[in-house]
1. Looking only at region 179-199, count how many residues are under 22 Å from residue 322 (Cα atoms) and open to solvent by less than 70 Å² (accessible area, probe 1.4 Å).
2. On the given criteria, is residue 224 open to solvent by 40 Å² or more (accessible area, probe 1.4 Å), in contact (Cβ under 8 Å) with a residue 12 or more places away in the chain and assigned to a strand (DSSP E or B)?
3. Only one of 383, 454 is open to solvent by less than 50 Å² (accessible area, probe 1.4 Å) and at positive phi; which?
4. Can you confirm whether region 233-242 contains a residue that is farther than 21 Å from residue 309 by Cβ, surrounded by 15 or more Cβ atoms within 10 Å (Cβ to Cβ) and not acidic (Asp, Glu)?
5. Is one or more of the residues making up region 283-292 in contact (Cβ under 8 Å) with a residue 24 or more places away in the chain, among the basic types (Lys, Arg) and surrounded by fewer than 22 Cβ atoms within 10 Å (Cβ to Cβ)?
6. Taking residue 379 and the conditions (1) assigned to a loop (DSSP other than H, G, I, E, B); (2) hydrophobic (A, V, I, L, M, F, W, C); (3) in contact (Cβ under 8 Å) with a residue 40 or more places away in the chain, which numbered condition does it fall short on, given that it satisfies the others?
7. If only one of 415, 406, 344, 377 is among the hydroxyl-bearing types (Ser, Thr, Tyr), in the same structural domain as residue 224 (by the TED database) and open to solvent by less than 20 Å² (accessible area, probe 1.4 Å), which one is it?
Amino acid sequence: MEFTRASQVTTGILFLTSMMISRSSWLLETLSSFRLRMLHRCSIQFRCGDMLGQSITFTLIFFSKAVVVLEVCLGSLSCWHTALQSSFQREGIMVCFRMSHCMLAFMVTSCNCNTELLNSLQYSKLAQTPVFRQVRKIFYRLTLIWSRVHVFVFHPSGITRTERDKGTLYELTFRGESSNEFKRLVLFRPFGPLMKVKNEKVDTSSVPINIIVPLSRRTDKFKQFMHNFREVCVRQDGQVHLTVVYFGKEQMSEVRSTLENTSREVNFKNYTLLQLDEEFSRGRGLDVGARAWKGGNVLLFFCDVDIYFNADFLNTCRLNTQPGKKVFYPVLFSQYNPTLIYGSPEHVPPVEQQLVIKKDTGFWRDFGFGMTCQYRSDFINIGGFDIDIKGWGGEDVHLYRKYLHSNLLVVRAPSRGLFHLWHEKHCADELPPDQYRMCMQSKAMNEASHGQLGMLFFRHEIEAHLRKQKQQQNSNPKKT
(Lines give C-alpha, C1' and ligand atoms only; values in the text may rest on other atoms or scores of the structure.)
Protein backbone atom coordinates (compact mmCIF):
# COMPACT_ATOMS: atom_id res chain seq x y z
CA MET A 1 0.00 0.00 0.00
CA GLU A 2 2.80 2.43 0.89
CA PHE A 3 4.63 1.53 -2.31
CA THR A 4 1.48 2.38 -4.27
CA ARG A 5 1.22 5.73 -2.53
CA ALA A 6 4.85 6.55 -3.24
CA SER A 7 4.45 5.68 -6.91
CA GLN A 8 1.32 7.84 -7.07
CA VAL A 9 3.25 10.75 -5.64
CA THR A 10 6.22 10.61 -7.96
CA THR A 11 4.33 9.80 -11.13
CA GLY A 12 1.59 12.24 -10.19
CA ILE A 13 3.88 15.25 -9.82
CA LEU A 14 6.00 14.37 -12.83
CA PHE A 15 2.82 13.69 -14.77
CA LEU A 16 1.98 17.32 -14.17
CA THR A 17 5.17 18.26 -15.97
CA SER A 18 4.10 16.05 -18.84
CA MET A 19 0.75 17.77 -18.89
CA MET A 20 2.42 21.14 -19.29
CA ILE A 21 4.50 19.71 -22.11
CA SER A 22 1.47 18.47 -24.02
CA ARG A 23 -1.14 21.07 -23.21
CA SER A 24 -3.22 20.02 -26.19
CA SER A 25 -4.06 16.66 -24.62
CA TRP A 26 -7.20 17.09 -22.51
CA LEU A 27 -7.06 13.45 -21.36
CA LEU A 28 -3.57 13.88 -19.91
CA GLU A 29 -4.62 17.06 -18.18
CA THR A 30 -7.65 15.37 -16.64
CA LEU A 31 -5.63 12.40 -15.41
CA SER A 32 -2.89 14.51 -13.89
CA SER A 33 -5.23 16.88 -12.07
CA PHE A 34 -7.19 13.91 -10.69
CA ARG A 35 -4.00 12.26 -9.49
CA LEU A 36 -2.81 15.39 -7.74
CA ARG A 37 -6.15 15.81 -6.00
CA MET A 38 -5.98 12.21 -4.86
CA LEU A 39 -2.40 12.85 -3.73
CA HIS A 40 -3.48 15.73 -1.57
CA ARG A 41 -6.05 13.58 0.22
CA CYS A 42 -3.52 10.81 0.82
CA SER A 43 -0.81 13.01 2.28
CA ILE A 44 -3.15 14.85 4.66
CA GLN A 45 -4.80 12.13 6.69
CA PHE A 46 -6.53 14.10 9.42
CA ARG A 47 -7.66 17.65 10.12
CA CYS A 48 -8.39 18.98 13.55
CA GLY A 49 -8.43 22.17 15.59
CA ASP A 50 -10.81 25.02 16.07
CA MET A 51 -11.28 28.28 14.22
CA LEU A 52 -8.51 30.08 16.09
CA GLY A 53 -5.92 27.33 16.01
CA GLN A 54 -6.04 25.52 12.69
CA SER A 55 -3.54 22.76 12.04
CA ILE A 56 -3.18 19.94 9.55
CA THR A 57 -1.64 16.77 10.90
CA PHE A 58 -0.48 13.60 9.24
CA THR A 59 1.41 10.48 10.18
CA LEU A 60 4.39 9.66 8.02
CA ILE A 61 5.28 5.99 7.82
CA PHE A 62 8.09 4.72 5.57
CA PHE A 63 7.30 6.08 2.09
CA SER A 64 5.11 8.83 3.49
CA LYS A 65 8.30 10.84 3.98
CA ALA A 66 8.59 10.87 0.24
CA VAL A 67 5.02 12.09 -0.07
CA VAL A 68 5.69 15.24 1.90
CA VAL A 69 9.19 15.93 0.56
CA LEU A 70 8.03 15.56 -3.02
CA GLU A 71 4.94 17.65 -2.48
CA VAL A 72 6.89 20.42 -0.77
CA CYS A 73 9.88 20.52 -3.11
CA LEU A 74 8.30 19.82 -6.48
CA GLY A 75 5.14 21.69 -5.59
CA SER A 76 7.13 24.92 -5.33
CA LEU A 77 8.43 24.84 -8.90
CA SER A 78 7.71 28.01 -10.82
CA CYS A 79 7.63 26.26 -14.18
CA TRP A 80 4.25 24.52 -14.05
CA HIS A 81 2.63 27.12 -16.29
CA THR A 82 5.35 27.08 -18.94
CA ALA A 83 4.14 26.00 -22.37
CA LEU A 84 6.57 24.04 -24.56
CA GLN A 85 6.57 23.29 -28.25
CA SER A 86 4.51 20.36 -29.41
CA SER A 87 7.58 18.61 -30.85
CA PHE A 88 8.72 17.95 -27.30
CA GLN A 89 5.52 16.22 -26.21
CA ARG A 90 6.33 12.55 -26.71
CA GLU A 91 9.94 12.76 -25.57
CA GLY A 92 9.03 14.89 -22.55
CA ILE A 93 6.57 12.30 -21.31
CA MET A 94 9.16 9.54 -21.61
CA VAL A 95 11.75 11.56 -19.71
CA CYS A 96 9.24 12.28 -16.94
CA PHE A 97 8.49 8.61 -16.52
CA ARG A 98 12.22 7.79 -16.40
CA MET A 99 12.69 10.39 -13.70
CA SER A 100 9.73 8.98 -11.80
CA HIS A 101 11.18 5.47 -11.85
CA CYS A 102 14.57 6.82 -10.83
CA MET A 103 13.10 8.65 -7.85
CA LEU A 104 11.25 5.54 -6.74
CA ALA A 105 14.40 3.43 -6.96
CA PHE A 106 16.30 6.00 -4.95
CA MET A 107 13.66 6.14 -2.22
CA VAL A 108 13.32 2.35 -2.00
CA THR A 109 17.00 1.37 -2.03
CA SER A 110 18.78 4.70 -1.33
CA CYS A 111 20.88 3.98 -4.39
CA ASN A 112 22.51 6.71 -6.41
CA CYS A 113 20.67 6.99 -9.69
CA ASN A 114 21.89 10.42 -10.70
CA THR A 115 23.81 8.82 -13.56
CA GLU A 116 20.66 7.32 -15.01
CA LEU A 117 18.83 10.61 -14.68
CA LEU A 118 21.64 12.56 -16.35
CA ASN A 119 21.74 10.07 -19.20
CA SER A 120 18.01 10.51 -19.66
CA LEU A 121 18.37 14.26 -19.88
CA GLN A 122 21.65 14.42 -21.77
CA TYR A 123 20.26 12.92 -24.96
CA SER A 124 16.94 14.68 -24.73
CA LYS A 125 15.91 17.73 -26.69
CA LEU A 126 14.37 18.96 -23.46
CA ALA A 127 17.68 19.10 -21.62
CA GLN A 128 18.13 22.81 -22.30
CA THR A 129 14.57 23.93 -21.55
CA PRO A 130 13.79 25.95 -18.39
CA VAL A 131 11.34 23.32 -17.13
CA PHE A 132 13.78 20.43 -17.00
CA ARG A 133 16.65 22.52 -15.76
CA GLN A 134 14.50 23.33 -12.72
CA VAL A 135 13.28 19.75 -12.34
CA ARG A 136 16.88 18.49 -12.48
CA LYS A 137 17.93 21.03 -9.85
CA ILE A 138 15.04 20.03 -7.59
CA PHE A 139 15.86 16.36 -8.05
CA TYR A 140 19.44 16.96 -6.93
CA ARG A 141 18.05 18.79 -3.90
CA LEU A 142 15.72 15.88 -3.17
CA THR A 143 18.51 13.31 -3.31
CA LEU A 144 20.61 15.47 -1.00
CA ILE A 145 17.81 15.83 1.54
CA TRP A 146 16.95 12.14 1.37
CA SER A 147 20.55 11.00 1.75
CA ARG A 148 20.86 13.09 4.90
CA VAL A 149 17.69 11.89 6.62
CA HIS A 150 17.21 8.32 5.34
CA VAL A 151 19.08 6.90 8.33
CA PHE A 152 16.38 8.34 10.61
CA VAL A 153 13.57 6.11 9.34
CA PHE A 154 12.23 4.19 12.31
CA HIS A 155 9.45 6.47 13.51
CA PRO A 156 8.89 9.48 11.27
CA SER A 157 6.02 11.84 12.04
CA GLY A 158 5.13 15.33 11.02
CA ILE A 159 2.88 18.32 11.46
CA THR A 160 2.02 20.98 8.93
CA ARG A 161 0.51 24.35 9.72
CA THR A 162 -0.77 26.85 7.18
CA GLU A 163 -0.59 30.54 7.95
CA ARG A 164 -3.05 32.22 5.64
CA ASP A 165 -0.99 35.34 5.17
CA LYS A 166 2.45 33.70 5.00
CA GLY A 167 2.56 30.10 3.75
CA THR A 168 2.88 26.52 5.03
CA LEU A 169 5.29 25.26 7.71
CA TYR A 170 6.35 21.58 7.68
CA GLU A 171 7.87 20.03 10.82
CA LEU A 172 9.22 16.53 10.08
CA THR A 173 10.60 14.45 12.95
CA PHE A 174 12.63 11.27 12.38
CA ARG A 175 13.78 8.79 15.00
CA GLY A 176 17.42 7.76 15.07
CA GLU A 177 19.10 4.60 16.26
CA SER A 178 18.29 5.10 19.96
CA SER A 179 14.85 5.67 21.43
CA ASN A 180 15.71 9.21 22.58
CA GLU A 181 17.55 10.41 19.46
CA PHE A 182 15.54 12.43 16.95
CA LYS A 183 16.19 14.66 13.98
CA ARG A 184 13.86 17.55 13.24
CA LEU A 185 13.62 19.05 9.78
CA VAL A 186 11.59 22.26 9.56
CA LEU A 187 10.64 23.53 6.10
CA PHE A 188 8.71 26.67 5.29
CA ARG A 189 6.96 26.99 1.96
CA PRO A 190 5.84 30.60 1.60
CA PHE A 191 3.71 31.78 -1.22
CA GLY A 192 6.89 31.60 -3.28
CA PRO A 193 10.07 29.44 -3.35
CA LEU A 194 10.75 26.84 -0.65
CA MET A 195 12.80 27.90 2.39
CA LYS A 196 14.60 25.59 4.82
CA VAL A 197 14.10 26.95 8.34
CA LYS A 198 15.82 24.43 10.59
CA ASN A 199 17.66 21.13 10.51
CA GLU A 200 18.66 19.95 13.98
CA LYS A 201 19.12 16.91 16.19
CA VAL A 202 16.89 16.65 19.27
CA ASP A 203 17.79 14.57 22.32
CA THR A 204 14.79 13.92 24.58
CA SER A 205 16.62 11.74 27.10
CA SER A 206 17.21 14.68 29.46
CA VAL A 207 13.63 16.01 29.42
CA PRO A 208 11.65 14.67 32.41
CA ILE A 209 7.86 14.74 32.46
CA ASN A 210 5.74 15.29 35.55
CA ILE A 211 2.45 13.44 35.01
CA ILE A 212 -0.28 14.90 37.22
CA VAL A 213 -3.40 12.79 37.89
CA PRO A 214 -6.32 14.13 39.99
CA LEU A 215 -8.26 11.30 41.63
CA SER A 216 -11.26 10.61 43.83
CA ARG A 217 -12.09 6.99 44.70
CA ARG A 218 -12.01 4.78 41.53
CA THR A 219 -9.20 2.63 42.92
CA ASP A 220 -9.79 -0.17 40.40
CA LYS A 221 -9.18 2.24 37.51
CA PHE A 222 -6.12 3.59 39.30
CA LYS A 223 -4.64 0.08 39.53
CA GLN A 224 -5.17 -0.34 35.79
CA PHE A 225 -3.54 3.04 35.18
CA MET A 226 -0.54 2.09 37.32
CA HIS A 227 -0.10 -1.17 35.40
CA ASN A 228 0.34 0.78 32.17
CA PHE A 229 2.44 3.42 33.96
CA ARG A 230 4.80 0.74 35.23
CA GLU A 231 5.33 -0.74 31.78
CA VAL A 232 5.61 2.49 29.78
CA CYS A 233 6.98 5.15 32.13
CA VAL A 234 9.24 3.10 34.38
CA ARG A 235 10.52 0.23 32.25
CA GLN A 236 10.56 1.91 28.82
CA ASP A 237 10.94 5.66 29.30
CA GLY A 238 12.55 6.15 32.70
CA GLN A 239 12.25 9.97 32.76
CA VAL A 240 8.84 10.40 34.39
CA HIS A 241 7.66 11.71 37.76
CA LEU A 242 4.10 10.90 38.90
CA THR A 243 2.02 13.30 41.01
CA VAL A 244 -1.31 11.99 42.32
CA VAL A 245 -3.68 14.52 43.90
CA TYR A 246 -6.31 12.62 45.87
CA PHE A 247 -9.55 14.19 47.08
CA GLY A 248 -11.08 12.92 50.35
CA LYS A 249 -10.08 10.21 52.78
CA GLU A 250 -12.18 7.28 51.57
CA GLN A 251 -10.03 4.63 49.80
CA MET A 252 -6.94 6.76 50.35
CA SER A 253 -5.14 3.81 51.93
CA GLU A 254 -5.71 1.68 48.79
CA VAL A 255 -4.20 4.38 46.56
CA ARG A 256 -1.18 4.68 48.84
CA SER A 257 -0.78 0.89 48.88
CA THR A 258 -0.88 0.71 45.08
CA LEU A 259 1.88 3.31 44.78
CA GLU A 260 4.02 1.60 47.41
CA ASN A 261 3.64 -1.80 45.72
CA THR A 262 4.71 -0.31 42.39
CA SER A 263 7.68 1.34 44.09
CA ARG A 264 8.86 -1.98 45.55
CA GLU A 265 8.27 -4.04 42.39
CA VAL A 266 10.16 -1.82 39.94
CA ASN A 267 12.28 0.30 42.31
CA PHE A 268 10.39 3.49 41.43
CA LYS A 269 10.73 6.41 43.84
CA ASN A 270 9.75 9.38 41.65
CA TYR A 271 6.19 9.89 42.82
CA THR A 272 4.30 12.32 45.02
CA LEU A 273 0.96 11.70 46.71
CA LEU A 274 -1.00 14.78 47.78
CA GLN A 275 -4.28 14.70 49.68
CA LEU A 276 -6.97 17.38 49.63
CA ASP A 277 -9.83 17.06 52.08
CA GLU A 278 -12.37 18.84 49.90
CA GLU A 279 -14.86 18.32 47.08
CA PHE A 280 -13.38 16.93 43.86
CA SER A 281 -12.41 19.52 41.28
CA ARG A 282 -10.20 18.48 38.37
CA GLY A 283 -8.87 21.97 37.78
CA ARG A 284 -8.08 22.41 41.46
CA GLY A 285 -6.23 19.08 41.60
CA LEU A 286 -4.11 19.81 38.52
CA ASP A 287 -3.34 23.31 39.77
CA VAL A 288 -2.20 22.02 43.16
CA GLY A 289 -0.11 19.28 41.54
CA ALA A 290 1.62 21.70 39.18
CA ARG A 291 2.45 24.22 41.90
CA ALA A 292 3.68 21.51 44.30
CA TRP A 293 6.69 20.79 42.06
CA LYS A 294 9.85 22.34 43.55
CA GLY A 295 12.48 21.15 41.07
CA GLY A 296 12.48 24.13 38.73
CA ASN A 297 10.82 24.33 35.34
CA VAL A 298 9.47 20.94 34.23
CA LEU A 299 7.31 19.59 31.44
CA LEU A 300 3.80 18.83 32.76
CA PHE A 301 1.37 16.28 31.34
CA PHE A 302 -2.15 16.75 32.70
CA CYS A 303 -3.66 13.29 32.66
CA ASP A 304 -6.70 11.33 33.89
CA VAL A 305 -6.97 7.89 35.40
CA ASP A 306 -8.90 6.66 32.32
CA ILE A 307 -6.05 7.49 29.92
CA TYR A 308 -3.82 4.89 28.25
CA PHE A 309 -0.64 6.07 26.51
CA ASN A 310 2.55 4.56 25.11
CA ALA A 311 6.21 5.61 25.06
CA ASP A 312 5.88 7.22 21.64
CA PHE A 313 3.34 9.66 23.02
CA LEU A 314 5.74 10.75 25.77
CA ASN A 315 8.33 11.69 23.15
CA THR A 316 5.62 13.40 21.09
CA CYS A 317 4.82 15.42 24.20
CA ARG A 318 8.48 16.44 24.54
CA LEU A 319 8.93 17.29 20.86
CA ASN A 320 5.85 19.52 20.58
CA THR A 321 6.42 21.70 23.65
CA GLN A 322 8.92 24.44 24.31
CA PRO A 323 9.02 26.76 27.32
CA GLY A 324 7.85 30.25 26.48
CA LYS A 325 7.04 29.28 22.89
CA LYS A 326 4.53 26.44 22.44
CA VAL A 327 2.18 24.09 24.27
CA PHE A 328 0.76 20.80 23.04
CA TYR A 329 -2.94 19.87 23.04
CA PRO A 330 -3.19 16.35 21.60
CA VAL A 331 -6.42 14.97 20.19
CA LEU A 332 -6.84 11.54 21.74
CA PHE A 333 -8.72 8.52 20.41
CA SER A 334 -11.72 7.76 22.62
CA GLN A 335 -12.85 4.16 22.95
CA TYR A 336 -16.49 3.10 22.55
CA ASN A 337 -18.23 0.74 24.95
CA PRO A 338 -16.38 -2.59 24.45
CA THR A 339 -19.51 -4.57 25.33
CA LEU A 340 -21.33 -3.04 22.36
CA ILE A 341 -18.32 -3.35 20.05
CA TYR A 342 -17.65 -7.03 20.74
CA GLY A 343 -21.24 -8.15 21.39
CA SER A 344 -21.01 -9.27 25.02
CA PRO A 345 -18.70 -8.94 28.04
CA GLU A 346 -17.42 -12.48 27.48
CA HIS A 347 -15.94 -11.58 24.11
CA VAL A 348 -14.13 -8.41 25.22
CA PRO A 349 -10.32 -8.88 24.73
CA PRO A 350 -7.61 -7.43 27.04
CA VAL A 351 -7.16 -3.66 27.02
CA GLU A 352 -3.98 -3.76 24.91
CA GLN A 353 -5.87 -5.59 22.12
CA GLN A 354 -8.79 -3.15 22.20
CA LEU A 355 -6.68 -0.15 21.23
CA VAL A 356 -7.37 -0.27 17.51
CA ILE A 357 -8.04 3.00 15.68
CA LYS A 358 -11.11 2.31 13.55
CA LYS A 359 -14.42 4.08 13.11
CA ASP A 360 -16.28 1.22 14.79
CA THR A 361 -14.04 1.10 17.87
CA GLY A 362 -13.90 4.77 18.81
CA PHE A 363 -13.60 8.35 17.63
CA TRP A 364 -11.16 11.26 17.72
CA ARG A 365 -12.16 13.42 20.68
CA ASP A 366 -11.58 16.75 18.97
CA PHE A 367 -13.85 18.55 21.44
CA GLY A 368 -11.75 17.54 24.47
CA PHE A 369 -8.94 19.72 25.82
CA GLY A 370 -8.21 18.01 29.14
CA MET A 371 -5.03 16.16 28.18
CA THR A 372 -2.25 18.64 27.54
CA CYS A 373 1.54 19.00 27.68
CA GLN A 374 3.00 22.33 28.75
CA TYR A 375 5.88 23.63 30.81
CA ARG A 376 5.25 24.64 34.38
CA SER A 377 6.49 28.19 33.77
CA ASP A 378 3.94 28.70 30.99
CA PHE A 379 1.14 27.28 33.14
CA ILE A 380 2.01 29.60 36.04
CA ASN A 381 2.43 32.67 33.81
CA ILE A 382 -0.91 32.12 32.04
CA GLY A 383 -2.71 32.04 35.40
CA GLY A 384 -3.43 28.33 35.70
CA PHE A 385 -6.91 26.85 35.93
CA ASP A 386 -10.05 28.60 37.03
CA ILE A 387 -10.34 26.89 40.42
CA ASP A 388 -13.86 28.28 40.93
CA ILE A 389 -15.16 25.67 38.45
CA LYS A 390 -16.40 22.66 40.42
CA GLY A 391 -17.21 19.13 39.31
CA TRP A 392 -17.04 17.94 35.72
CA GLY A 393 -15.69 19.86 32.73
CA GLY A 394 -15.17 23.47 31.70
CA GLU A 395 -11.79 24.22 33.29
CA ASP A 396 -9.80 22.70 30.42
CA VAL A 397 -11.56 24.77 27.74
CA HIS A 398 -11.01 27.92 29.79
CA LEU A 399 -7.25 27.25 29.98
CA TYR A 400 -7.08 26.38 26.27
CA ARG A 401 -8.72 29.67 25.30
CA LYS A 402 -6.24 31.60 27.44
CA TYR A 403 -3.37 30.01 25.53
CA LEU A 404 -5.04 30.83 22.20
CA HIS A 405 -5.14 34.51 23.14
CA SER A 406 -1.52 34.50 24.35
CA ASN A 407 1.71 34.78 22.38
CA LEU A 408 2.38 31.05 22.70
CA LEU A 409 1.89 28.67 19.80
CA VAL A 410 -0.81 26.06 20.46
CA VAL A 411 -0.06 22.75 18.71
CA ARG A 412 -3.39 20.96 18.29
CA ALA A 413 -2.93 17.58 16.63
CA PRO A 414 -4.15 13.96 16.95
CA SER A 415 -1.91 11.48 18.71
CA ARG A 416 -2.02 7.79 17.80
CA GLY A 417 -0.44 6.86 21.13
CA LEU A 418 -3.03 8.43 23.43
CA PHE A 419 -6.33 6.66 24.23
CA HIS A 420 -9.31 7.35 26.43
CA LEU A 421 -10.57 4.05 27.87
CA TRP A 422 -14.32 3.66 28.02
CA HIS A 423 -16.02 3.89 31.39
CA GLU A 424 -19.61 4.41 32.43
CA LYS A 425 -20.28 8.09 32.89
CA HIS A 426 -22.58 9.53 35.53
CA CYS A 427 -23.82 13.11 35.24
CA ALA A 428 -24.73 14.44 38.66
CA ASP A 429 -27.99 16.31 39.10
CA GLU A 430 -26.15 19.00 41.05
CA LEU A 431 -24.23 20.17 37.95
CA PRO A 432 -25.17 23.54 36.43
CA PRO A 433 -27.17 23.34 33.17
CA ASP A 434 -24.21 24.03 30.86
CA GLN A 435 -21.98 21.45 32.58
CA TYR A 436 -24.78 18.89 32.67
CA ARG A 437 -25.41 19.35 28.94
CA MET A 438 -21.71 18.89 28.18
CA CYS A 439 -21.62 15.78 30.34
CA MET A 440 -24.63 14.21 28.61
CA GLN A 441 -23.24 14.99 25.15
CA SER A 442 -19.97 13.33 26.10
CA LYS A 443 -21.87 10.33 27.51
CA ALA A 444 -23.82 9.84 24.25
CA MET A 445 -20.72 10.10 22.06
CA ASN A 446 -18.75 7.68 24.24
CA GLU A 447 -21.22 4.82 23.96
CA ALA A 448 -21.04 3.72 20.32
CA SER A 449 -20.84 4.92 16.73
CA HIS A 450 -23.85 6.41 14.96
CA GLY A 451 -24.48 3.17 13.07
CA GLN A 452 -24.14 1.02 16.20
CA LEU A 453 -26.51 3.24 18.16
CA GLY A 454 -29.00 3.05 15.29
CA MET A 455 -28.89 -0.74 15.28
CA LEU A 456 -29.37 -0.72 19.05
CA PHE A 457 -32.29 1.72 18.87
CA PHE A 458 -34.10 -0.27 16.15
CA ARG A 459 -33.22 -3.71 17.53
CA HIS A 460 -36.87 -4.60 18.26
CA GLU A 461 -37.88 -3.73 14.71
CA ILE A 462 -34.97 -5.74 13.33
CA GLU A 463 -35.81 -8.74 15.52
CA ALA A 464 -39.48 -8.59 14.41
CA HIS A 465 -38.37 -8.52 10.77
CA LEU A 466 -36.17 -11.57 11.27
CA ARG A 467 -39.00 -13.47 12.98
CA LYS A 468 -41.37 -12.72 10.08
CA GLN A 469 -38.81 -13.93 7.58
CA LYS A 470 -38.31 -17.14 9.53
CA GLN A 471 -42.07 -17.73 9.72
CA GLN A 472 -42.43 -17.22 5.96
CA GLN A 473 -39.65 -19.69 5.29
CA ASN A 474 -41.28 -22.26 7.57
CA SER A 475 -44.73 -21.77 5.99
CA ASN A 476 -43.36 -21.98 2.43
CA PRO A 477 -40.85 -24.85 2.49
CA LYS A 478 -38.78 -25.27 -0.63
CA LYS A 479 -39.91 -27.99 -2.99
CA THR A 480 -37.49 -30.80 -3.43
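The values are calculated or read from the model by the stated rules, or taken from the named source; none is laboratory data. Because the structure is predicted, anything quoted here is derived from the model rather than measured. So basically every Cβ, Gly included, is an ideal-geometry build from the backbone, and we count neighbours across all protein chains shown. To get the accessible areas, we keep the full protein, side chains included, count just its heavy atoms, and leave off ligands, DNA and RNA. Shrake-Rupley method; radii C 1.70, N 1.55, O 1.52, S 1.80 Å.
1. The first filter runs over region 179-199 and keeps only residues under 22 Å from residue 322 (Cα atoms), leaving 179-188, 196-199.
Then keep just the ones that are open to solvent by less than 70 Å² (accessible area, probe 1.4 Å); that gives 179-188, 199.
Total satisfying the criteria: 11.
2. no
3. Details: 454 fails: at positive phi.
Every option except 383 fails the conditions.
4. In the first step, residues of region 233-242 are kept if they are farther than 21 Å from residue 309 by Cβ; the result is none.
Looking for residues that are farther than 21 Å from residue 309 by Cβ, surrounded by 15 or more Cβ atoms within 10 Å (Cβ to Cβ) and not acidic (Asp, Glu), one finds none in region 233-242, hence no.
5. Of region 283-292, the ones in contact (Cβ under 8 Å) with a residue 24 or more places away in the chain are 283-292.
Subsequent filtering for residues that are among the basic types (Lys, Arg) retains 284, 291.
Still in the list and also surrounded by fewer than 22 Cβ atoms within 10 Å (Cβ to Cβ): 291.
Yes, because at least one residue in region 283-292 is in contact (Cβ under 8 Å) with a residue 24 or more places away in the chain, among the basic types (Lys, Arg) and surrounded by fewer than 22 Cβ atoms within 10 Å (Cβ to Cβ).
6. (1)
7. Values: 406 fails: open to solvent by less than 20 Å² (accessible area, probe 1.4 Å); 344 fails: open to solvent by less than 20 Å² (accessible area, probe 1.4 Å); 377 fails: open to solvent by less than 20 Å² (accessible area, probe 1.4 Å).
When all the criteria are applied, what remains is 415.
Yes or no, residue by residue, for (1) under 20 Å from residue 378 (Cβ atoms); (2) open to solvent by less than 10 Å² (accessible area, probe 1.4 Å); (3) part of a loop (DSSP other than H, G, I, E, B); (4) touching a Phe, Trp or Tyr at 6+ places or on another chain (Cβ under 8 Å):
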residue	(1), (2), (3), (4)
304	no, no, yes, no
312	no, no, no, no
318	yes, no, no, no
329	yes, yes, no, yes
